[in-house]
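Asks: Once you've had a glance at the structure underneath, I'll fire off some questions.
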Amino acid sequence: MATVQISSDAGLGSGTVVSPDGWVLTNHHVVDDEGQLLQDGVYISFTQDLSRAPIQVAEAEVVEADAELDLALLRIKRDILGRELAAGLRLPFTPMGTPEELRHGEQLIIAGYPSVGGDESRSSISVTRGVVSGMTVAPDGSWTWIKTDARINAGNSGGSMFNAS
């Protein structure tokens, strides 16, 4: 599963693996510790069993972050034992879609690791449904916010949003 849990001293959040070589998209606030971006100690957990908490298997680094857009790009750099990732390793990933393909009212599935129903440190993945309820496009067209009526709880930040495609 390409939706991962991100944990650090700053707390817990979710992320989405967007390439087979370990690039992860999440929210800036997931990797921000009181105004400072985390330089290390960002751990990635993958789900092996949908009814159980994910297993922490890797460490990532923050490569790029934008506080204004609340986005961060991470790269998985080593396994939990500190070993570099094996050459040619292909992780489960979800390719990025484009907002131009979405339509108002289109069904969405949201996946993430909210703390609701968990034990404050680990929770199983949660899936909620909603629709595209609106969009806000930047004046220069450089970004689009997708609005949804899906229930999103604390810890879901950075998680995946899927449409039928």
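Asks: For region 67-86, which positions are surrounded by fewer than 15 Cβ atoms within 10 Å (Cβ to Cβ) and either modelled with pLDDT of 95 or more or touching a His at 6+ places or on another chain (Cβ under 6 Å) (or both)? Explain how you work it out, then say what you get.
Replies: Narrowing region 67-86 to residues surrounded by fewer than 15 Cβ atoms within 10 Å (Cβ to Cβ): 67-69, 78, 80-84, 86.
Listed by number, the list holds a single entry, A67.
Asks: Now, a different point. Looking at L91, L73, which one is of a type in the set (A, V, I, L, M, F, W, C), part of a loop (DSSP other than H, G, I, E, B) and in contact with a strand residue (DSSP E or B) (Cβ under 8 Å, 6 or more places away or on another chain)? Give the derivation first.
Replies: Working: L73 fails: part of a loop (DSSP other than H, G, I, E, B).
It is L91.
Asks: Starting from residues that are closer than 13 Å to H104 by Cβ and of a type in the set (V, I, T), keep the ones in region 119-132 and report whichever is most open to solvent (accessible area, probe 1.4 Å). Even if it seems obvious, please write down each step before you answer.
Replies: Restricting attention to region 119-132, the residues satisfying the condition of being closer than 13 Å to H104 by Cβ are 130-132.
Subset that is of a type in the set (V, I, T): 131-132.
On the way: V131: 36, V132: 3 Å².
The residue in question is V131.
Matching residues to (1) over 15 Å from Y113 (Cβ atoms); (2) in contact (Cβ under 8 Å) with a residue 60 or more places away in the chain; (3) in a strand (DSSP E or B):
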{"residue": "L12", "(1), (2), (3)": "no, yes, yes"}
{"residue": "G15", "(1), (2), (3)": "no, yes, yes"}
{"residue": "P20", "(1), (2), (3)": "yes, yes, no"}
{"residue": "I44", "(1), (2), (3)": "no, no, yes"}
{"residue": "E61", "(1), (2), (3)": "yes, no, yes"}
{"residue": "A65", "(1), (2), (3)": "yes, no, yes"}
{"residue": "L69", "(1), (2), (3)": "yes, yes, no"}
{"residue": "A87", "(1), (2), (3)": "yes, no, no"}
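Asks: Looking at region 34-49, is at least one residue open to solvent by 30 Å² or more (accessible area, probe 1.4 Å), within 16 Å of S160 (Cα to Cα) and among the hydrophobic types (A, V, I, L, M, F, W, C)? Break it down stepwise before answering.
Replies: Start the filter on region 34-49 by keeping residues that are open to solvent by 30 Å² or more (accessible area, probe 1.4 Å), which leaves 34-37, 39-40, 43, 48-49.
With within 16 Å of S160 (Cα to Cα) added as a condition, the list becomes none.
Checked region 34-49: no residue is open to solvent by 30 Å² or more (accessible area, probe 1.4 Å), within 16 Å of S160 (Cα to Cα) and among the hydrophobic types (A, V, I, L, M, F, W, C).
Asks: Also: What tally of residues in region 23-33 results from selecting those that are part of a strand (DSSP E or B) and open to solvent by less than 20 Å² (accessible area, probe 1.4 Å)? Give the steps one after another, and end with the answer.
Replies: Filtering region 23-33 down to residues part of a strand (DSSP E or B) leaves 23-26, 32-33.
Filter again for open to solvent by less than 20 Å² (accessible area, probe 1.4 Å), leaving 24, 26.
Qualifying residue count for the region: 2.
Per-residue answers, yes or no, for (1) β-branched (V, I, T); (2) modelled with pLDDT of 90 or more; (3) open to solvent by 40 Å² or more (accessible area, probe 1.4 Å):
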site: G88; (1), (2), (3): no, no, yes
site: H104; (1), (2), (3): no, yes, yes
site: V116; (1), (2), (3): yes, no, yes
site: G134; (1), (2), (3): no, yes, no
site: P139; (1), (2), (3): no, yes, yes
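Asks: Just one of P95, P54, P20 is under 27 Å from S165 (Cα atoms), open to solvent by 80 Å² or more (accessible area, probe 1.4 Å) and not aromatic (F, W, Y); which is it? Break it down stepwise before answering.
Replies: On the way: P54 fails: open to solvent by 80 Å² or more (accessible area, probe 1.4 Å); P20 fails: open to solvent by 80 Å² or more (accessible area, probe 1.4 Å).
Answer to the check: P95.
Asks: Which count do you get for residues in region 38-82 that are touching a helix residue (DSSP H, G or I) at 6+ places or on another chain (Cβ under 8 Å) and at negative phi? Full working, then the answer.
Replies: Initially, region 38-82 is screened for residues touching a helix residue (DSSP H, G or I) at 6+ places or on another chain (Cβ under 8 Å), giving 65-67, 69-72.
Within this subset, residues satisfying the condition of being at negative phi are 65-67, 69, 71-72.
Selection size over region 38-82: 6.
Asks: Please go through (1) closer than 26 Å to G11 by Cβ; (2) of a type outside the set (A, V, I, L, M); (3) assigned to a strand (DSSP E or B) for G134 and return the number of the only condition it doesn't satisfy.
Replies: (1)
The values are calculated or read from the model by the stated rules, or taken from the named source; none is laboratory data. Computed from a prediction, not measured in an experiment: that's the story for all the values here. For neighbour counting, all protein chains shown are included, and Cβ atoms are generated from backbone atoms with ideal geometry for every residue, glycine included. Side chains included, ligands, DNA and RNA excluded: accessible areas come from the protein's heavy atoms. Shrake-Rupley method; radii C 1.70, N 1.55, O 1.52, S 1.80 Å.
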